[in-house]
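K.L.:
Below are the structure tokens for one structure; questions will follow.
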Amino acid sequence: MTMNRRSFLKRTSQVTVATGLMSPLCTACWGSQSDTVVPIVDTHQHLWDLSKFKLTWLSPPLDRSFTTKDYIEATQGLNVVKAVYMEVAVPAEQRLQEAQYVIELCKQPDGVTHAAVIAGSPAEDGFAQYITRFKGSPYIKGVRGSFSSAKEMNDKQVIRNLHLLSDLGMRFDLNVSPQSLAEAAQLVDQCPDTRFVLDHCGNADPVAFFPPGRGVPRPAQHSSEQWKQDIAKLAAKGNIICKISGIVSRVPGTPLTAEDLAPIINHCLDAFGPDRVVFAGDWPVCLRGMSLRDWISLLKSVVADQPERDQRKLFHDNAVRFYELS
């Protein structure tokens with residue numbers, strides 16, 4: 001029998017609200033039955049070695065090195081077959097070193113990391129020279145950079161450098177606040193030949209979508225309706241996809257349930273459609289909210305009523321196609 005989303009979420013909330021997260025026992029039982037059905041490509045894998053890189057943004061539980069060995073342990077039994085490395089905000093002077101570091105990781109014949117999105121700022125004068133050195137690399141698939149203001153997203157040099165990424169066959173990850181989504185849509189519109197990725201469901205705040213009666217740890221950081229409208233504006237652009245990720249770490253200290261996160265996930269799935277969404281783990285940053293295993297379990301429970309072909313697109317096929325993974 002097929003359930004509609006409302007019925008499914010009612011059932012999910014009955015299972016999860018009492019504990020906040022699936023218990024280790026439930027996760028293990030559920031995973032042993034289902035995790036091997038669909039192979040997973042993780043499109044947002046962070047790794048860092050603090051003996052090599054200086055990271056100034058770390059706080060517990062992230063204030064240590066996280067290596068490939070740690071990632072393999074975290075994904076054991078989850079059928080994660082490939083991962084795409086995501087830059088980790090190293091200082092600007094270490095960006096080239098980071099790129100070279102991850103290229104070596106991608107070259108490992110038995111490694112899980114197959115490609116990378118590196119750091120770079122399209123607003124900087126030296127961006128073109130920096131990124132062009134990676135032209136033709138089978139491993140460097142794109143760039144992620146931040147913008148200091150909405151005005152910067154409309155800067156002529158930024159637009160020119162984003163067009164350059166298209167010429168190089170690369171993508172650009174947009175990691176913007178919910179308040180900047182409308183400006184991001186205008187940016188994407190000005191670069192129709194460049195492929196964009198919206199990180200972390202547009203950084204939606206789960207608190208804005210808590211169901212009635214759910215205790216809130218703080219005020220919501222944005223309007224749920226405005227976020228929905230702006231996501232729809234971005235999704236209307238055909239040259240952008242959405243990473244289903246990040247939202248589990250937005251409310252540290254508050255256990256999140258499928259009922260809490262389903263409104264965000266389902267709106268992104270509906271707005272972008274089954275061919276323009278990809279799963280992303282955001283490990284180990286996800287540990288601020290839950291383990292990678294629990295995040296995958298939660299997401300699978302939310303999309304359980306979706307057609308199997310669409311679940312496969314979300315967790316595997318779209319990423320292979322979009323990042324041209326062999």
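Computed from the coordinates by the stated procedures, all read-outs in this text should not be read as laboratory data. This one's a predicted model, so the numbers in the text were calculated from it and none came from an experiment. A quick note on method: Cβ atoms are made from the backbone with ideal geometry, for glycine too, and the neighbour counts reach across all protein chains shown.
K.L.:
Over the chain, with a Gaussian network built from C-alpha contacts below 10 Å, which listed residue (Gln100, Gln221, Gln129) shows the highest mean-square fluctuation?
P.N.:
Gln129
K.L.:
Mind ranking 307-320, 199-212 by how tightly packed they are, going by the mean number of other C-beta atoms within 10 angstrom, highest first?
P.N.:
Output ranking for 307-320, 199-212: 199-212, 307-320.
K.L.:
I would also like to ask the following. On a 0 to 90 degree scale, rounded to 10, what angle separates helix 24-34 from the longest Cα axis of the chain?
P.N.:
Taking Cα atoms only, the helix is inclined about 80 degrees.
K.L.:
On a 0 to 90° scale, report how tilted helix 258-272 is relative to the longest principal axis of the chain, with both axes built from alpha carbons and the result rounded to the nearest 10.
P.N.:
Between the helix axis and the principal axis of the chain, the angle is about 50 degrees.
K.L.:
Return the calculated 222 nm mean residue ellipticity for the chain, to the nearest 500 deg cm²/dmol, obtained by summing -39500 (n - 2.57) across DSSP H runs with n ≥ 4 and dividing by the residue count.
P.N.:
Calculated from helices alone, the mean residue ellipticity at 222 nm is -11000 deg cm²/dmol.
K.L.:
Right, here's the next one. Once you sort the root eigenvalues of the Cα gyration tensor of segment 70-216 as a ≥ b ≥ c, which label holds: rounded (a/c under 1.5), prolate (a/b larger than b/c) or oblate (the other case)?
P.N.:
oblate
K.L.:
Please list, ordered by chain and number, the residues whose modelled amide H lies under 5 Å from the amide H of Arg144; skip anything fewer than 5 residues away on the same chain.
P.N.:
Hits under the 5 Å cutoff: Ile118, Ala119, Gly120, Asp173.
K.L.:
Could you give the dipole magnitude of segment 188-241 about its Cα centre, charging the beta-carbon of Lys and Arg +1 and that of Asp and Glu -1, in debye to the nearest 20?
P.N.:
160
K.L.:
Taking a cut-off of 22 Å between Cα atoms, list the lysines near Lys54, but don't count ones fewer than 8 places away on the same chain.
P.N.:
Partners within reach: Lys69.
K.L.:
Show which aspartates and glutamates lie in cross-link reach of Lys82 when reach means a straight Cα distance below 13 angstrom and same-chain residues fewer than eight apart are skipped.
P.N.:
Hits, sequence-local ones excluded: Asp42, Asp110, Asp317, Glu324.
K.L.:
Classify the chain from the C-alpha gyration tensor, please: rounded if a/c falls under 1.5, else prolate or oblate depending on whether a/b exceeds b/c.
P.N.:
prolate
K.L.:
Nearest 10 degrees is fine. How inclined is helix 181-190 to the longest principal axis of the chain, computing both from alpha carbons?
P.N.:
Approximately 40 degrees, to the nearest ten.
K.L.:
When a/c reaches 1.5 or more, the comparison of a/b and b/c decides; with that in mind, is segment 164-271 rounded, prolate or oblate per its Cα gyration tensor?
P.N.:
Cα axes put segment 164-271 in the prolate bin.
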